[in-house]
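Asks: Attaching a single structure in structure tokens format; questions to follow.
The values are calculated or read from the model by the stated rules, or taken from the named source; none is laboratory data. Quick caveat: nothing in here was measured; it's all calculated off a predicted structure. Note: ideal-geometry Cβ built from the backbone for every residue, glycine included; neighbour counts use all protein chains shown.
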Amino acid sequence: MTQCSAVHSKDIQYIFTRVKASFEENGTVFISFLAGLTKEYRKGAASEEPLKKERIWVDIRELKEIHATKKMTSLPEGVSTFHLTKEVFQEIVNISSSCPKELYHITPLSSDTGYKKLG
């Protein structure tokens, strides 16, 4: 008989990550975008339990800079990480199914926001 450890909702971290990176290839500048929604938790109560990451949704886009909108090119390069409440996370999951491109431009209210510049 297998026992399953319960995961308490207060132990789940809801994370929204957004990335923009540019690169040049053969004289053409490309912009890459990534947006992702992840749940992170430990199955057991012990802190030595490995962190489980459950990817809920991810979107990756790459386009030539000349085809990007001004809104896209004005986004800062780097990685933005947002720790969200369950309710805000669920709302963003809903947006991801109907308007995924919008997730590259929103900045959700979060309990902790991290930003790291690439390069």
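Asks: State yes or no: is Gly27 modelled with pLDDT of 90 or more and loosely packed, with under 11 Cβ neighbours inside 10 Å? Give the steps one after another, and end with the answer.
Replies: Numbers: modelled with pLDDT of 90 or more: yes; loosely packed, with under 11 Cβ neighbours inside 10 Å: yes.
Taking the combined requirement at face value, the residue satisfies it.
Asks: Quick one: what pairs do we get from segment 88-99, first residue within 12 Å of Val58 (Cα to Cα) and at pLDDT 90 or above, second assigned to a helix (DSSP H, G or I) and among the hydroxyl-bearing types (Ser, Thr, Tyr), C-beta under 9 Å, 6+ apart or different chains?
Replies: none
Asks: Separate question: In this structure, does Phe89 turn out to be among the hydrophobic types (A, V, I, L, M, F, W, C) and assigned to a strand (DSSP E or B)?
Replies: The answer is no for Phe89.
Asks: Going by what's in this entry, would Thr69 be described as under 12 Å from the mean Cα position of the chain (by Cα) and either more than 13 Å from Ala35 (Cα to Cα) or at pLDDT 90 or above (or both)?
Replies: Spelling it out, it is not the case that Thr69 is under 12 Å from the mean Cα position of the chain (by Cα) and either more than 13 Å from Ala35 (Cα to Cα) or at pLDDT 90 or above (or both).
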